[in-house]
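Shown next, in structure tokens, is the structure this report addresses.
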Amino acid sequence: MAPLATSCVWYSTLTGTLRSPIETAGSELHGIQNPGFRVPPLIMGHEFVGHTSDGRRVAVDPLVSCGECDLCATGHTQLCRSRQLLGAHLAGGFAERVSVPESSVHNLPDDLDWDRAALIEPVANAVHAWALAGEPRGKRIGIIGCGPIGLACLEVARYNGAASVACADLSGERRAVAVGIDADHVGDALEGEFDVIFDAVGTGGTRRASVERLIPGGTTIWLGLSNADAGFDAAHAVRMEKNIRGSFAYTDAQFVEAITMAPHLDLSWSTTYPLTEGAEVFNQLMAGGTTTIKALLRP
Ligand SMILES: [Zn+2]
């Protein structure tokens, strides 16, 4: 793959955390607290947009697949066994310039401003989850967690004609944001019965709730990765024929679909800071001393 030199304005995003059981521990914040495969010295940042050296406004698909294996050949690029992530295995976007494969770069629509374009990556996650749920147009949707992934799921469900969308989060500020982008019902937890539930948190408790609150035969899509606990009653899932699917990232085609969809979405729930304040923003988010849902860093 030929590297593409890039320059000028780069936006990268951080995910805010709240000190509560419903918490979206942003990938980069998690990378500092528990490095795992993000081995220092590494420039993190897997969600970014910017200018190429020839002046195009672009979004970068951070998932780099081999393009040759059985899974890539059938379009399942997100499942490539040798997949790599910009900002984790390769240098990422928390910088003034970054070099990425040319195949990862996609032009942005003219009517999509930088702040909203920087949220294309979470939208792509939601596009993928919606597809795994069988494109449930006209169905009752429940969403657990109103961080960036949960809010992106809400926006994608609304755009695609869900009959109703209920959102659960322990944070009143985040519930208010969900109401602002058209959630029909919000609360500390989901109440009632749903055809499809998206768990954007990923603890034993939220996974249990995502199975219990389903209609018999319903489908829950697990996107959250807070911890590894399953937490649900497997016998109940068998007797009620409940479907449980993991959802990771998106295909290359779904990333492009998210770019096309983004101008039609709200995507107003981010806060922008200068890149020079990046370290301070990281510390604030890790200390839980901010209600920021998504922090954008602008060089
Ligand atoms: Zn592959």
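Brief remarks follow.
- Meets criteria (in a helix (DSSP H, G or I), more than 14 Å from Y250 (Cα to Cα), away from the ligand (no atom under 16 Å from the Cβ) and not assigned by TED's automatic domain parsing to the domain that holds T52) for R174: yes
- Odd one out for L42 among (1) more than 11 Å from the ligand (Cβ to nearest atom); (2) surrounded by fewer than 18 Cβ atoms within 10 Å (Cβ to Cβ); (3) touching a residue at least 40 places away in the same chain (Cβ under 8 Å); (4) closer than 14 Å to T251 by Cα: (4)
- Cβ-Cβ under 8 Å pairs, at least 6 apart or on other chains, the range 102-113 side in the same structural domain as D54 (by TED's automatic domain parsing), far side charged (D, E, K, R) and surrounded by fewer than 16 Cβ atoms within 10 Å (Cβ to Cβ): V105/R56; N107/R56
- Within the range 74-95, residues that are without any contact (Cβ under 8 Å) to a residue 40 or more places away in the chain have Cβ atoms under 6 Å from residues that are part of a loop (DSSP other than H, G, I, E, B) and more than 8 Å from the ligand (Cβ to nearest atom) in these pairs: L85/H46; L85/P62, counting only partners at least 6 apart in sequence or on another chain.
- When E47, E96, E68 are screened for being assigned by TED's automatic domain parsing to the domain that holds E277 and surrounded by 14 or more Cβ atoms within 10 Å (Cβ to Cβ), only E47 passes.
- Conditions (1) at negative phi; (2) in contact (Cβ under 8 Å) with a residue 60 or more places away in the chain; number of the one not met by N227: (2)
- Residue within the range 130-140 that is surrounded by fewer than 19 Cβ atoms within 10 Å (Cβ to Cβ), farther than 30 Å from T276 by Cα, at pLDDT below 95 and not β-branched (V, I, T) present: no
- Total residues in the range 73-102, condition within 16 Å of the ligand (Cβ to nearest atom) and part of a loop (DSSP other than H, G, I, E, B): 8
The values are calculated or read from the model by the stated rules, or taken from the named source; none is laboratory data. Everything quoted here is computed from the prediction, not taken from an experiment. Neighbour counts are summed over all protein chains in view; Cβ atoms, including those assigned to glycine, are modelled from backbone coordinates with ideal geometry.
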